[in-house]
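The values are calculated or read from the model by the stated rules, or taken from the named source; none is laboratory data. Predicted model only: the values in this text are computed from it and were never measured. For neighbour counting, all protein chains shown are included, and Cβ atoms are generated from backbone atoms with ideal geometry for every residue, glycine included.
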Amino acid sequence: MKKNGRMALFLKEKRVKAGLTQSDVAQKLGYSSPQFISNWERGLASPPVFVLRDLTKIYKVAADEMFNLLVNDVKENLKKEFYATKGRRRV
C-alpha cells in the first residue's frame, strides 16, 4: 500500500527532470542499490529526512517545497489512519 503518494510522484518527477537515473541518485547518496530510490518513488518507503535535504540539492528544488510536501503527506496519512479507526475501541 502506498503511504506517500504525492512525495513518491514528486521524487520521480524531479529525478527525471534532473536527467538522472535511479542508479545515479543512489550513487550520489551513497546507497549500494537503486532499489532504495525505486521504493521511494513507488511510495513503498519514505526516505529519511536527512536524505530529503540532500535530494533538494541533487534535484535543485527549494527546501521549503520538499518540506511542505513532506508535512502534507504526513498530515494526510495521519488523517486517513485517524478516520479509518473511527468507532473502533482498543482496550
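Some observations on this one:
- Single residue of the range 1-22 satisfying the filter (free of Cβ contacts under 8 Å to residues at least 12 places away in the same chain and not in a helix (DSSP H, G or I)) that is farthest from the chain's Cα centre (by Cα): G19
- Residue in the range 23-37 that is of a type in the set (A, V, I, L, M, F, W, C), within 14 Å of Y59 (Cα to Cα), in contact (Cβ under 8 Å) with a residue 12 or more places away in the chain and outside any helix (DSSP H, G or I) present: no
- The lone exception for K57 - which of (1) at pLDDT 95 or above; (2) exposed (fewer than 15 other Cβ atoms within 10 Å of the Cβ); (3) under 10 Å from the mean Cα position of the chain (by Cα) it fails: (3)
- The range 40-52 - residue that is in contact (Cβ under 8 Å) with a residue 12 or more places away in the chain and in a helix (DSSP H, G or I) and, of those, surrounded by the fewest Cβ atoms within 10 Å (Cβ to Cβ): V49
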